[in-house]
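Enquirer: The structure that follows is given in the form of structure tokens.
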Amino acid sequence: MPLCRNIASSPPPLIAPTTPDEAGIARAAKALKAGQLVAFPTETVYGLGGDATSDTAVAAIFKAKGRPRFNPLIVHVADKEAAEALVNFDECARKLAEAFWPGALTLVLPRRNDCPVSLLASAGLHSLALRVPAHGVALDLLAEFARPVAAPSANPSGTISPTTASHVAASLGDAVALILDGGPCAIGLESTVIGLTGDAPLLLRPGGVTAEKVEAVTGPLDRPETGSDAAPSSPGRLLQHYAPGRPLRLDAEDITPGEALLSFGSHAITGAAAECNLSPGGDLTEAAANLFAMLRELDHPAHTAIAVMAVPETGLGLAINDRLRRATNPAATPQEPPP
């Protein structure tokens with residue numbers, strides 16, 4: 001059975017002006033140095049990059065995304081040594097960096113007094129979110145640029161994160177100077193975020209590195225209180241996030257007329273207007289990689305809503321369900337399909 005069926009789609013917009021060869025990397029670094037924004041691939045999702053040391057470039061990121069200024073950004077660096085020049089590392093941070101960098105783990109640490117990163121990137125906080133991405137194109141760009149790059153996901157704030165270059169082109173258009181096309185993102189979910197500014201490590205956002213793997217290094221993680229939509233201390237903490245235009249109905253066991261279905265595993269639910277299966281074999285790694293792309297496929301005006309089958313709340317399922325819950329739009333209501 002194909003992963004997706006019965007979905008009408010149009011060709012993606014032309015992606016210009018570059019590809020991630022040596023010349024493309026140099027062109028992207030030049031654009032960053034000129035204060036422009038560049039979209040680039042990581043192993044998690046595509047990032048919207050700007051010079052993290054420039055107030056003007058960081059402000060341009062917030063403007064391009066329509067992102068609230070109180071929501072901090074993740075800053076990408078080439079290696080642990082570059083991170084240590086920006087924040088104060090403790091022993092726990094060193095162990096996590098050694099275990100998971102480069103990789104899908106973001107650490108929130110106290111800023112150094114001489115940290116050159118724009119305070120806008122920290123949303124005025126005394127902490128900074130940092131990671132070293134595990135993607136050749138991203139690392140080549142960071143090495144060529146030789147400065148930290150602030151890079152949230154390359155999509156309008158609150159909408160589905162991009163996992164291909166065509167997603168970026170469709171959603172941001174000419175807000176970016178260029179897009180480096182590195183193909184589909186391998187993980188497909190944003191990084192795990194660990195807060196290290198308090199007495200104990202805090203799981204601020206589940207993501208591409210499972211909580212179980214982190215706890216094997218840190219011991220038990222604290223969890224933040226839920227239910228507050230106050231100014232976040234970490235990216236990805238807004239209650240409403242990652243949302244398609246169609247409303248979502250979670251833990252679906254049946255279909256109502258006009259609904260599309262986001263399924264998981266081999267158990268069949270019939271009657272959907274369209275269906276994408278995150279993983280017919282029930283593999284959570286495959287499901288994570290497919291999540292955002294399949295939500296985009298099903299987010300079609302012909303569908304009244306998207307019914308989502310249950311996904312196990314273990315391993316990467318914790319991150320998948322976090323995204324699905326935040327994507328559930330309480331303001332959205334089922335809509336009549338067009339005639």
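Enquirer: If I filter the range 209-223 down to residues being assigned to a loop (DSSP other than H, G, I, E, B) and over 17 Å from Arg131 (Cα atoms), which single residue comes out as modelled with the lowest pLDDT?
Expert: Result: Arg223.
Enquirer: Test Phe62 against the criterion of being surrounded by 17 or more Cβ atoms within 10 Å (Cβ to Cβ) and among the aromatic types (Phe, Trp, Tyr), and give yes or no.
Expert: Yes.
Enquirer: Those residues that are part of a loop (DSSP other than H, G, I, E, B), over 20 Å from the mean Cα position of the chain (by Cα), within 22 Å of Pro224 (Cα to Cα) and in contact (Cβ under 8 Å) with a residue 60 or more places away in the chain, I need them from the range 84-116; list them, please.
Expert: Asp90
Enquirer: Looking at Asn71, is it touching a strand residue (DSSP E or B) at 6+ places or on another chain (Cβ under 9 Å) and polar (S, T, N, Q)?
Expert: no
Enquirer: Here's a follow-up. Could you tell me how many of the residues in the range 138-166 are outside any loop (DSSP other than H, G, I, E, B) and closer than 21 Å to Ala31 by Cα?
Expert: 13
Enquirer: Collect the residues in the range 24-82 that are of a type in the set (Phe, Trp, Tyr) and in contact (Cβ under 8 Å) with a residue 60 or more places away in the chain, keeping them in residue-number order.
Expert: Phe40, Tyr46, Phe70
Enquirer: While we're on this one: Give the residues of the range 1-40 that are of a type in the set (Lys, Arg) and modelled with pLDDT of 60 or more, sorted by residue number.
Expert: Of everything in the range 1-40, those that are of a type in the set (Lys, Arg) and modelled with pLDDT of 60 or more turn out to be Arg27, Lys30, Lys33.
Enquirer: If you take the residues of the range 117-137 that are within 17 Å of the chain's Cα centre (by Cα) and assigned to a loop (DSSP other than H, G, I, E, B), which of them is nearest to Ala83 (Cα to Cα)?
Expert: Val132
Enquirer: Further question: Would you be able to tell me the number of residues in the range 153-190 that are acidic (Asp, Glu) and buried (at least 24 other Cβ atoms within 10 Å of the Cβ)?
Expert: 1
Enquirer: Now for a different question. Given the conditions (1) out of contact with any Asp or Glu (no Cβ under 8 Å at 6 or more places or on another chain); (2) of a type outside the set (Lys, Arg); (3) over 16 Å from Ile74 (Cβ atoms), and given that Pro162 satisfies all but one, which numbered condition is not satisfied?
Expert: Unmet for Pro162, out of (1) out of contact with any Asp or Glu (no Cβ under 8 Å at 6 or more places or on another chain); (2) of a type outside the set (Lys, Arg); (3) over 16 Å from Ile74 (Cβ atoms): (3).
The values are calculated or read from the model by the stated rules, or taken from the named source; none is laboratory data. Treat the numbers as computed from the prediction; the structure is a model and nothing was measured. In this analysis, Cβ positions are derived from the backbone assuming ideal geometry, glycine residues included, and neighbour counts consider all displayed protein chains.
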